[in-house]
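Participant: Take a look at this one; I'll ask things after.
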Amino acid sequence: MSVGFIGAGQLAHALVKGFTAAGVIAAHRITASSPDNDLPTVTGLRKMGVNLTTSNKETVNKSDVLFLAVKPHIIPFVLDEIGPDIEDRHLIVSCAAGVTISSIEKKLLQHRSAPKVMRCMTNTPVVVREGATVYATGTHAEVEDGKLLEQLMASVGFCTEVEEDLIDAVTGLSGSGPAYAFTALDALADGGVKMGLPRRLAVRLGAQALLRAPVSCGPGAHLSCSH
């Protein structure tokens with residue numbers, strides 16, 4: 001199996017780092033394309049041993065599983081470019097918020113009779129293999145395709161299948177959740193500093209509290225369990 005990323009930004013960097021750390025795929029079997037070779041994330045991917053290119057078509061040709069890791073408004077242009085190069089072996093996984101499976105399939109049906117498309121929403125903790133990912137299956141994707149994607153994403157955290165109409169809610173919850181956690185951590189640290197703690201220690205204590213609080217409650221527990 002080979003994996004490709006169209007887009008070599010933060011998401012691609014986080015997933016590659018997680019995949020390689022988990023041992024689910026070697027870096028030399030991953031290809032990523034970006035028009036900008038000077039991005040810090042591109043440099044990071046190169047240091048990990050990932051194959052970098054400026055050609056999206058090259059990424060397609062070298063990949064079996066293809067992640068679309070670009071901004072949502074870029075997706076139609078990418079599909080127009082790579083559509084003729086998509087083959088039956090390709091599993092297309094869109095990570096773009098708000099872009100429906102049907103809109104991707106509609107573009108690819110101009111070139112293939114049964115394009116295999118899936119949509120997923122994950123978050124940045126995949127970089128330390130603690131991500132939260134959901135995915136939805138397209139019209140032509142098969143059970144084996146779902147198992148393959150779940151194998152990849154479960155290696156970097158929690159992963160489960162959902163109906164596509166739930167993915168937007170997931171985007172707001174776990175997709176954006178880490179940003180809210182950092183805001184809460186800042187508030188906790190500010191409080192500690194106000195009471196005389198050094199900021200470095202306040203941040204460390206706050207982070208540990210946020211990290212371990214859900215674990216102490218146990219899976220499925222109500223959030224008020226510590227009260």
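Participant: Quick one: dipole size for the chain, taken about the Cα centre, charges +1 on Lys/Arg Cβ and -1 on Asp/Glu Cβ, in debye to the nearest 20. Before the final figure, lay out the partial values.
Facilitator: Working: 20 positive and 22 negative charges, 201 e Å.
The dipole of the chain has a size of about 960 debye.
Participant: Quick one: if you take sqrt(5λ) for each eigenvalue of the C-alpha gyration tensor of the range 95-151, what semi-axes come out, biggest first, whole angstrom? Display every interim value, and only then the final one.
Facilitator: Numbers: eigenvalues 114, 36, 11 Å².
Ellipsoid semi-axes (Å, largest first): 24, 14, 7.
Participant: Would you calculate a helix-derived [θ] at 222 nm for the chain, using -39,500 (n - 2.57) for each DSSP H run of n ≥ 4 and dividing by the full residue count, to the nearest 500?
Facilitator: -13000 deg cm²/dmol
Participant: Right, something else. Under 8 Å for C-alpha pairs, at least 6 residues apart: give me the relative contact order for the range 49-184, rounded to a whole percent.
Facilitator: Details: 206 pairs, mean separation 26.1, N = 136.
Here the relative contact order equals 19 percent.
Participant: Need one number: % antiparallel among DSSP beta bridges in the chain, to the nearest 5. Let's see the in-between values first.
Facilitator: Details: 4 of 28 bridges.
Taking every DSSP beta bridge with both residues in the chain, the antiparallel ones total about 15 percent.
Participant: Thinking of the range 1-105 as a set of Cα atoms, what percent of all their pairs are more than 17 Å apart?
Facilitator: On the way: 2544 of 5460 pairs.
In whole percent, the long-distance tail amounts to 47.
Participant: Going from the alpha-carbon gyration tensor of the range 76-179, what semi-axes, largest first and in whole Å, does one get by taking the root of 5 times each eigenvalue? Please report the intermediate quantities before stating the final value.
Facilitator: Numbers: eigenvalues 118, 42, 28 Å².
One finds semi-axes of 24, 15, 12 Å for the range 76-179.
Participant: Could I ask something else about it? Considering only I82, V16, L205, whose Cα is most displaced toward the positive end of the charge dipole of the chain, charges sitting on Cβ of Lys, Arg (+1) and Asp, Glu (-1)?
Facilitator: Positive-end residue among those listed: L205.
Participant: Suppose each label sits 7 Å from its Cα in the direction of the beta carbon; what would the A209-D186 distance come out to in nanometres?
Facilitator: If labels sit at A209 and D186, their model points lie 1.7 nm apart.
Participant: Could you compute the net charge surrounding V143? Neighbours are other residues with a C-beta less than 12 Å from the C-beta of V143; K and R count +1, D and E count -1. Could the numbers behind the result be given before it?
Facilitator: Values: positive: K116, K147; negative: E142, E144, D145, E150, E161.
Once all neighbours under 12 Å are counted, the net charge is -3.
Participant: Continuing with the same structure: Quick one: accessible area per residue over the chain, 1.4 Å probe, rounded to a whole number of Å²?
Facilitator: Numbers: 12030 Å² over 227 residues.
Here the residues of the chain average 53 Å² of exposed surface.
Participant: Another question, then. Starting from the residue with the highest accessible area, list M1, M118 in decreasing order, probe 1.4 Å.
Facilitator: On the way: M1 80, M118 0 Å².
The most accessible residue leads, giving M1, M118.
Participant: Defining a contact as two alpha carbons under 8 Å apart and six or more residues distant in sequence, what relative contact order in percent does the chain show? Mind dumping the intermediate values first?
Facilitator: Working: 384 pairs, mean separation 34.6, N = 227.
Computed value for the chain: 15 percent relative contact order.
Participant: Ignoring ligands, DNA and RNA, what percent of the 1.4 Å accessible area of the chain is carbon and sulfur?
Facilitator: Details: 6960 of 12030 Å².
In the chain, the share of accessible area belonging to carbon and sulfur is 58 percent.
Participant: Within a Cβ distance under 15 Å of A22, other residues only, what is the Lys/Arg minus Asp/Glu net charge? Walk me through the numbers on the way to the answer.
Facilitator: Working: positive: K17, R29, R129; negative: E130, E150.
Neighbour charge sum, excluding A22 itself: +1.
Participant: Using only Cα atoms, find the angle between the long axis of helix 143-154 and the longest principal axis of the chain, and express it within 0 to 90 degrees, rounded to the nearest 10.
Facilitator: 40
The values are calculated or read from the model by the stated rules, or taken from the named source; none is laboratory data. Treat the numbers as computed from the prediction; the structure is a model and nothing was measured. Quick reminder, even Gly has a Cβ in these numbers, built from the backbone with ideal geometry, and neighbours come from all protein chains shown. Just so you know, the surface numbers come from the protein's heavy atoms only, side chains and all, with ligands and any DNA or RNA stripped out. Shrake-Rupley method; radii C 1.70, N 1.55, O 1.52, S 1.80 Å.
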